[in-house]
Amino acid sequence: MELMEIAVWVIVGMRWLVGGAFVVGAVVAATHWAVRRQHLTPFGWWPRFVRGWSDPMLRPVEGRVVRAGGNPQSAPLWLLGGIVVGGLLLIQLVQWVLGTALQLGYAARSGALLPTLVSSLFSLITAALLVRVISSWFGASPYSWWMRIVRGLTDWILEPLQRILPPMGPMDFSPLVAYFLLRVAQQVVVGALFRS
């Protein structure tokens with residue numbers, strides 16, 4: 001079996017896994033909704049069966065929802081939303097890792113490993129920049145372990161740009177400028193490496 005076939009089967013397996021998790025989350029959300037709307041009795045065999053295996057999954061979600069000031073009855077919908085978003089991110093991460101590994105393998109066989117590594121490094125920094133911008137919208141802690149990694153990848157370009165181009169009220173244009181600078185630098189550097 002070729003490496004490409006293995007990658008395809010891994011991606012198909014991940015999609016089935018995420019699809020199965022979505023179905024489970026949808027069953028939990030639909031059952032809790034039906035009990036809350038009194039379409040099902042809470043003491044029937046189906047709601048007790050679903051609560052028996054879903055309550056350990058819902059307790060941490062309920063705790064987070066309550067601490068955020070939300071209604072604990074909306075925890076099944078938050079669980080379903082988390083499954084959808086987390087599943088899509090997981091599929092994209094697996095596709096990116098496998099695609100990068102296949103690309104690096106092909107580049108090593110064809111003698112273009114250095115330009116491919118440099119291009120992958122630019123793509124990683126661009127992705128970290130995007131994660132940093134999106135996490136700032138949701139108030140992620142800059143001291144969490146994953147944000148420290150993201151900040152380490154992006155501070156070298158953002159801090160000088162923020163000194164030159166300070167934020168204007170709630171708008172900070174330095175990530176946008178950094179994105180364009182990274183893209184231009186990637187085109188110039190990778191193009192020069194491929195020509196040499």
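The values are calculated or read from the model by the stated rules, or taken from the named source; none is laboratory data. In this text, all values refer to a predicted model and were calculated from it rather than measured experimentally. When we count neighbours, we look across all protein chains shown, and the Cβ atoms used for this are built from the backbone with ideal geometry, even at glycine.
The table below lists the values:
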read-out	value
Failed criterion for residue 81 (all others in (1) free of Cβ contacts under 8 Å to residues at least 24 places away in the same chain; (2) touching a helix residue (DSSP H, G or I) at 6+ places or on another chain (Cβ under 7 Å); (3) within 30 Å of residue 170 (Cα to Cα) hold)	(2)
Pairs where the first residue, in region 2-20, is in the same structural domain as residue 97 (by TED's automatic domain parsing) and the second is exposed (fewer than 12 other Cβ atoms within 10 Å of the Cβ) and outside any helix (DSSP H, G or I), C-beta under 9 Å, 6+ apart	9/1
Every residue from region 10-27 that is over 14 Å from residue 88 (Cα atoms) and either at pLDDT below 95 or of a type in the set (Gly, Ala, Ser) (or both)	10, 25, 26
Enumeration of residues in region 163-196 that are more than 25 Å from residue 117 (Cβ to Cβ), under 26 Å from the mean Cα position of the chain (by Cα) and part of a helix (DSSP H, G or I)	174, 176, 177
Qualifying residue in region 100-122 (condition: more than 22 Å from residue 194 (Cα to Cα), surrounded by 16 or more Cβ atoms within 10 Å (Cβ to Cβ) and not aliphatic (A, V, I, L, M))	no
In region 138-155, the residues that are part of a helix (DSSP H, G or I) and surrounded by 11 or more Cβ atoms within 10 Å (Cβ to Cβ)	146, 147, 148, 149, 150, 151, 153, 154, 155
Those residues of region 26-46 which are assigned to a helix (DSSP H, G or I) and either in contact (Cβ under 8 Å) with a residue 60 or more places away in the chain or among the small types (Gly, Ala, Ser) (or both), in sequence order	26, 29, 30, 34
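To keep it simple, each residue is scored yes or no on (1) free of Cβ contacts under 8 Å to residues at least 40 places away in the same chain; (2) closer than 24 Å to residue 158 by Cα.
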| residue | (1), (2) |
| --- | --- |
| 70 | yes, no |
| 91 | no, no |
| 95 | no, no |
| 122 | no, yes |
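Conditions tested, residue by residue: (1) modelled with pLDDT under 90; (2) within 19 Å of residue 121 (Cβ to Cβ); (3) out of contact with any Cys (no Cβ under 7 Å at 6 or more places or on another chain); (4) outside the structural domain of residue 122 (by TED's automatic domain parsing).
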position: 136; (1), (2), (3), (4): yes, no, yes, no
position: 140; (1), (2), (3), (4): yes, no, yes, no
position: 155; (1), (2), (3), (4): no, yes, yes, no
position: 167; (1), (2), (3), (4): yes, no, yes, no
position: 170; (1), (2), (3), (4): yes, no, yes, no
position: 174; (1), (2), (3), (4): no, no, yes, no
